């Protein structure tokens with residue numbers, strides 16, 4: 001298990017480093033081409049790709065911080081940094097959307113001739129680089145919110161580059177230069193849509209909300225159903241320690257206190273299968289009162 005974990009960590013580390021390098025080179029090329037060709041679609045896509053480079057750097061930083069050991073002042077270590085980075089990445093994308101819309105609107109008011117063929121060639125290179133970078137994160141995208149964010153960014157960029165390629169081809173054959181800012185605005189909408197879920201999940205985790213994919217009421221019911229000796233579950237709290245680790249605390253009323261060690265082992269094993277790796281369980285007798293309106297049944 002440890003070997004598999006280390007292999008996954010090394011794989012992600014290499015994926016982030018390679019993704020950053022490839023996209024940084026492409027941003028420089030695309031931005032330069034956009035300025036030379038006066039293409040807002042290329043410039044806006046380069047700006048978005050630059051935000052992706054920043055996002056990849058931040059994700060790599062959080063990825064490494066999460067591996068640092070806990071300290072007396074940071075008893076969970078720096079794992080929460082992964083949540084903060086995912087929220088920051090979403091904010092960066094929103095800023096990029098605003099800039100792209102502003103540039104596109106200005107270009108709609110003042111359209112200028114563009115070399116469609118050159119735009120198409122640059123976008124074609126972008127498709128290859130973005131698709132390859134997305135592939136680097138494909139295997140681990142469901143294991144970490146930051147990795148999923150990186151994958152979604154690069155997959156969206158691949159589609160965006162396809163749009164820029166199409167605009168270049170259309171301009172080459174029709175001379176409709178107005179298609180360039182229109183594609184820029186379509187790019188902004190695509191980014192906005194792909195950012196919405198990332199922003200929602202990041203805000204939820206930063207506020208210690210129940211992580212997406214975990215149903216607190218279902219967890220409560222599963223604990224109750226784990227053994228006939230469990231009479232009640234209350235003071236149930238579930239939150240994210242990081243983008244990959246979830247925690248739970250709960251008070252559990254049991255009829256037979258001698259069964260507590262066995263019940264604790266069984267419940268923690270059950271919780272691990274639901275994605276909760278850190279569980280703190282407090283056992284008590286059914287007759288002990290509680291003031292939590294979530295008691296089941298109410299005390």
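The values are calculated or read from the model by the stated rules, or taken from the named source; none is laboratory data. In this text the structure is predicted, and so the values were computed from the model without any measurement. All Cβ positions, even for glycine, are placed from backbone atoms using ideal geometry, and neighbour counts span all protein chains on display.
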If you check residue 93 against the conditions, is it over 17 Å from residue 198 (Cα atoms), surrounded by 13 or more Cβ atoms within 10 Å (Cβ to Cβ) and at pLDDT below 85? no
Has the stretch 130-137 got any residue that is over 16 Å from residue 54 (Cβ atoms) and over 20 Å from the mean Cα position of the chain (by Cα)? no
Restricted to the stretch 140-163, and to residues that are assigned to a loop (DSSP other than H, G, I, E, B) and touching a residue at least 24 places away in the same chain (Cβ under 8 Å), which residue is farthest from residue 275 (Cα to Cα)? 140
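One line per residue, one yes/no per condition, for (1) over 22 Å from the mean Cα position of the chain (by Cα); (2) over 30 Å from residue 63 (Cα atoms); (3) surrounded by 15 or more Cβ atoms within 10 Å (Cβ to Cβ):
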residue: 212; (1), (2), (3): no, no, no
residue: 215; (1), (2), (3): no, no, no
residue: 231; (1), (2), (3): yes, yes, yes
residue: 240; (1), (2), (3): no, no, yes
residue: 261; (1), (2), (3): yes, yes, no
residue: 280; (1), (2), (3): yes, no, no
Specify the residue that is modelled with the lowest pLDDT; the eligible residues are those in the stretch 187-206 that are closer than 17 Å to residue 104 by Cβ and out of contact with any helix residue (DSSP H, G or I) (no Cβ under 6 Å at 6 or more places or on another chain). 193
The stretch 219-251: number of residues that are outside any strand (DSSP E or B), modelled with pLDDT of 90 or more and either in contact with a helix residue (DSSP H, G or I) (Cβ under 8 Å, 6 or more places away or on another chain) or assigned by TED's automatic domain parsing to the domain that holds residue 77 (or both): 3
Going through the stretch 1-29 one residue at a time, which ones are part of a helix (DSSP H, G or I) and modelled with pLDDT under 80? 2, 3, 4, 5, 6, 7, 8, 9, 10, 11, 12, 13
The stretch 191-210, residues that are surrounded by fewer than 17 Cβ atoms within 10 Å (Cβ to Cβ) and either over 30 Å from residue 265 (Cα atoms) or free of Cβ contacts under 8 Å to residues at least 24 places away in the same chain (or both): 193, 196, 197, 200, 203, 207
Can you confirm whether residue 273 is at pLDDT 90 or above, within 22 Å of residue 213 (Cα to Cα) and surrounded by fewer than 15 Cβ atoms within 10 Å (Cβ to Cβ)? no
Hits in the stretch 174-184 (condition: in a helix (DSSP H, G or I) and either touching a residue at least 24 places away in the same chain (Cβ under 8 Å) or under 19 Å from residue 131 (Cα atoms) (or both)): 180, 181, 182, 183, 184
If you take the residues in the stretch 98-119 that are in a helix (DSSP H, G or I) and at pLDDT below 80, which one is surrounded by the most Cβ atoms within 10 Å (Cβ to Cβ)? 119
